[in-house]
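Peer 1: Encoded as structure tokens, here's the structure I'll be asking about.
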Amino acid sequence: MKLITSTDGLAATCAHFATQPFVTVDTEFMRETTYYPKLCLIQIAAPDGSTALVDPLAPGIDLAPFFALMGDERVLKVFHSARQDLEIIWLQGGLLPQPFFDTQVAAMVCGYGDSVSYEQLVNDVAKAKIDKSSRFTDWSRRPLSEAQLTYALSDVTHLIKVYEVLARQLLATDRGAWLDEEMAVLTSPETYRADPDQAWRRLGGRMRKAREIAVLMEVAAWREAEAQSRNVPRGRILKDEAVLDVATSAPRSIEALGRLRSIPTGFERSRTGAEILAAVERGLARDPATVPVPERSRPRGGGNGALVELLKVLLKAVCEAERVAPKIIATVDDLEALADDDAADVPVLHGWRRRLFGEKALALKAGRLALSAEGGRVVVRELPDGA
């Protein structure tokens, strides 16, 4: 196995891949010490047996031919669990692969479970085993070992068979359109834009007071922008616990900031401490009427809790019968909204999800559907009118 380390070599390789109906793609990266992922290796394979390992860390290499291949609409790009791979391509290449296929999403539609691992999928579909011993090695160190290269290449060579089998299953069951929604999310630039102004949403689920949320919005936005500019993990700037403590207590002086247990000793007197206090002041200056206070979550197990549990049973029964993963049909939040309102604006009441499950859920709520146990399985039965 040989690494491609030159732009000319990459261009020639990608020119060949551009003649193929599809290519399988994977990346190895590191992000433990950075905000943005550091691309360390690119693996590509094609159905004609050709393969490539590309070293993006090679001095002077230009990845433009690879990004051109990713944007070539004549070639389908196949990934498994592609979100982080696509984030890297978006950040470094300014584009998202088109057309695109994610075998993890396809596996859910084909009944392999909610989050089937790649190793299990390869074992079940390609009848092969992957040696994962190199998975957590340092991919940024050079030279890469033969074991690392073998492992990396196996990820894309086995993916060819996985894709071909799943594509046939989708064609046989006429479920190809079911993937469109998920693929659209993965290939939307909005999925990968880390807007500092939206950073508070990761942490604001339990907050209800407008004043606390206003401060959280400013402190979280400051931390996100700082992490991006310095290219370090958020926690290196300020840990989540400290961000929440600051939002709740809203310290307005160095002394008040220093009294928070989650703030390291002496931190409050640094430049960073002054910036946190400035963010607090910006939050307190916000008009409370403009602060998006989240709706209070429904208590689990209370109110419509019994109905939600019944809908969960129905969902599991339908998914077992149809051989599709529950996760791709409805979330617990969807079921809770549906339990409250027959006209809730949730995906499960639209399109193919409604036809597969939503109509049955509404019928169950209306007493037109019954669940019973037979032979250790849940059976769904329509009730006659007037029953």
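Peer 1: If I take the Cα coordinates of the chain and project them onto the principal axes, what are the three extents in Å, biggest first?
Peer 2: 73, 65, 35
Peer 1: Okay, next question. Return the FRET efficiency for the residue pair S6, T331: r is the Cβ-Cβ distance, R0 is 45 Å, and the value is rounded to the nearest 0.05.
Peer 2: Using R0 = 45 Å, I get an efficiency of 0.45.
Peer 1: Give me D for the range 182-268 in µm² s⁻¹, whole number, from Stokes-Einstein with Rh from the Kirkwood sum over alpha-carbon pairs, 10 °C and 1.306 mPa s.
Peer 2: The calculation lands on 113 µm²/s.
Peer 1: Select from C40, A247, Q92 the residue farthest towards the positive end of the dipole of the chain; place +1 on Cβ of Lys and Arg, -1 on Cβ of Asp and Glu, and compute about the Cα centre.
Peer 2: It is A247, whose Cα lies furthest towards the positive end.
Peer 1: A further question on this structure: Please give the per residue accessible area of the chain, computed with a probe of 1.4 Å over protein heavy atoms only, in Å².
Peer 2: Per residue, the chain has an accessible area of 51 Å².
Peer 1: What's the longest uninterrupted piece of the chain once you rule out the GluC sites (Glu not before Pro) that are loop residues per DSSP with at most 15 other Cβ within 10 Å?
Peer 2: 74-294
Peer 1: Which order do T290, T265 take by accessible area at a 1.4 Å probe, largest first?
Peer 2: T265, T290
Peer 1: Counting only other residues whose beta carbon sits under 12 Å from that of V109, what net charge do I get with K and R as +1, D and E as -1?
Peer 2: -3
Peer 1: H80: accessible area at probe 1.4 Å, nearest 10 Å²?
Peer 2: 30
Peer 1: Name the trypsin sites (Lys or Arg not before Pro) in the range 320-362 that are in a loop by DSSP and that have at most 15 other C-beta atoms within 10 Å, would you?
Peer 2: When the trypsin sites (Lys or Arg not before Pro) of the range 320-362 are filtered for loop state and at most 15 Cβ neighbours within 10 Å, R323 remain.
Peer 1: Here's another thing I want to ask about it. Out of all DSSP beta bridges with both ends in the chain, state the antiparallel percent to the nearest 5.
Peer 2: 70
Peer 1: Multiplying the sequence separation of A285 and S145 by 0.36 nm and subtracting their Cα-Cα distance, what value in nm do you get?
Peer 2: Gain in length upon complete extension: 44.8 nm.
Peer 1: Same structure, new question: The range 98-176: which trypsin sites (Lys or Arg not before Pro) are DSSP loop and have at most 12 other beta-carbon atoms within 10 angstrom?
Peer 2: K127, K129, R141
Peer 1: Each label point is 7 Å from the Cα along the Cα-to-Cβ direction; what then is the distance between the points at E322 and R193, in nm?
Peer 2: Label-label distance for E322 and R193, simple model: 3.3 nm.
Peer 1: Next up: How big is the gap, in Å, between the Cα center of the range 329-387 and the Cα center of the range 29-101?
Peer 2: Taking the Cα centre of each part, the range 329-387 and the range 29-101 sit 41 Å apart.
Peer 1: Next question, about the same structure. So, counting K/R as plus one and D/E as minus one, what does the shell of residues with Cβ under 15 Å around A256 add up to?
Peer 2: So the environment of A256 carries a net charge of 0.
Peer 1: Moving on. M30: accessible area at probe 1.4 Å, nearest 10 Å²?
Peer 2: Estimated to the nearest 10 Å², M30 gives 50 Å².
Peer 1: Do any trypsin sites (Lys or Arg not before Pro) in the range 220-259 lie in a DSSP loop with no more than 14 other beta carbon atoms within 10 Å, and if so, which?
Peer 2: R252, R259
Peer 1: Further question on the same structure: Beyond a 21 Å Cα-Cα separation, which of these cross-linked pairs lie in this structure: K239/K327; K129/K161; K77/K161; K327/K360?
Peer 2: In this structure, K239/K327 exceed 21 Å between Cα atoms.
Peer 1: Using a 1.4 Å probe on the protein chains only, how many percent of the accessible area of the chain belongs to carbon and sulfur?
Peer 2: About 51 percent, which is the carbon plus sulfur part of the accessible surface.
Peer 1: Once you place label points 7 Å from the Cα toward the Cβ at K209 and D124, how far apart are they in nm?
Peer 2: 4.9
The values are calculated or read from the model by the stated rules, or taken from the named source; none is laboratory data. This one's a predicted model, so the numbers in the text were calculated from it and none came from an experiment. Neighbour counts are summed over all protein chains in view; Cβ atoms, including those assigned to glycine, are modelled from backbone coordinates with ideal geometry. Heads up: the accessible areas ignore ligands, DNA and RNA and are worked out on the full protein's heavy atoms, side chains in. Shrake-Rupley method; radii C 1.70, N 1.55, O 1.52, S 1.80 Å.
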